[in-house]
Amino acid sequence: MNTQYKSVYPFKRIIASVYDSLLLLSVILILGYVSVFIFNGFNWTLPENPSDPLLPGWYAVLLISLSSWGFYSFFWIRGNKTLGMAVWKIEIYSIDGGKITLMQTFKRFSCNLLITALMGIPLLQIYFTKDRVAINDILSGTRLKIV
């Protein structure tokens with residue numbers, strides 16, 4: 001495998017993530033709509049009290065978490081890029097040369113949640129490392145490259 005790659009700097013990573021988050025939002029909204037329909041016993045009426053939730057809180061968190069991880073895992077494993085990454089000509093690959101594993105997607109997704117919570121500040125590490133990699137690249141055993 002060719003180990004030469006052009007590093008992906010924070011701006012492109014963030015812009016691709018914004019693009020992907022809009023796609024992910026549509027997936028979550030569709031799944032949420034279907035879940036509300038199923039949870040309410042295929043009943044199309046709203047609850048009598050407007051402050052009653054349409055879905056239990058634990059279910060909503062689980063739905064968003066699993067659908068988000070599933071979204072990224074599907075695209076990373078299947079085609080090495082999400083649609084946002086494809087627009088910005090970014091690909092993800094495993095540093096061992098094989099296909100990206102489900103565990104690598106989980107590690108990368110978890111690190112990305114932390115990076116998002118810290119407003120992208122950990123991405124500045126790219127400028128200070130020899131290989132121009134971020135913490136999510138290191139911990140997941142994956143790299144991003146410009147194609």
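Just to compare against my own numbers: the Cα pair-distance distribution for segment 95-141, 10 Å bins, whole % per bin, please.
Final binned percentages: 28, 50, 22, 1.
Counting other Cβ atoms within 10 Å of each Cβ, which chymotrypsin sites (Phe, Trp or Tyr not before Pro) in segment 1-91 have at most 10 and sit in a DSSP loop? Before the final figure, lay out each step's value.
Numbers: sites: Y5, F11, Y19, Y33, F37, F39, F42, W44, W58, Y59, W69, F71, Y72, F74, F75, W76, W88; in loops: Y5, F42, W44, W88.
Passing sites in segment 1-91 are F42, W44.
With a 1.4 Å probe and every protein chain kept in, tell me what percent of the accessible surface of the chain is carbon plus sulfur. Display every interim value, and only then the final one.
Working: 6610 of 9410 Å².
On the chain, the fraction of accessible area on carbon and sulfur atoms equals 70 percent.
Report the far tail of the P(r) of segment 45-112, meaning the percent of Cα-Cα pairs longer than 18 Å.
On the way: 1163 of 2278 pairs.
It works out to 51 percent of all Cα pairs.
Any chance you could give the angle, 0 to 90 degrees and rounded to 10, that helix 57-79 forms with the longest Cα principal axis of the chain?
40
Counting only Cα atoms, I'd like the Rg/Rh figure for the chain, Kirkwood definition for Rh.
Working: Rg = 18.1 Å, Rh = 16.9 Å.
In the chain, Rg relative to Rh is 1.07.
To the nearest 20 Debye, how big is the dipole of the chain about its Cα centre, given +1 on the beta carbon of each Lys and Arg and -1 on that of each Asp and Glu? Walk me through the intermediate numbers first.
Details: 13 positive and 7 negative charges, 171 e Å.
Dipole of the chain, to the nearest 20 debye: 820 debye.
Select from M119, S94, Y33 the residue farthest towards the positive end of the dipole of the chain; place +1 on Cβ of Lys and Arg, -1 on Cβ of Asp and Glu, and compute about the Cα centre.
Working it through, the farthest residue towards the positive pole turns out to be S94.
Per residue, what accessible area does segment 20-147 have, given a 1.4 Å probe and all protein chains present, in Å²? Each step should come with its number before you reach the end.
Details: 8010 Å² over 128 residues.
On a per-residue basis, segment 20-147 sits at 63 Å².
Rg over Rh of segment 9-70, using C-alpha atoms and the Kirkwood radius, what does it come to?
Values: Rg = 15.1 Å, Rh = 13.4 Å.
Rg/Rh for segment 9-70 comes to 1.13.
The values are calculated or read from the model by the stated rules, or taken from the named source; none is laboratory data. What you see is a predicted model; the values in this text were computed from it and never measured. Note that each Cβ is placed from the backbone with ideal geometry, even for glycine, and that neighbours are counted across all protein chains shown. The accessibility values were calculated without ligands, DNA or RNA, using every heavy atom of the protein model including side chains. Shrake-Rupley method; radii C 1.70, N 1.55, O 1.52, S 1.80 Å.
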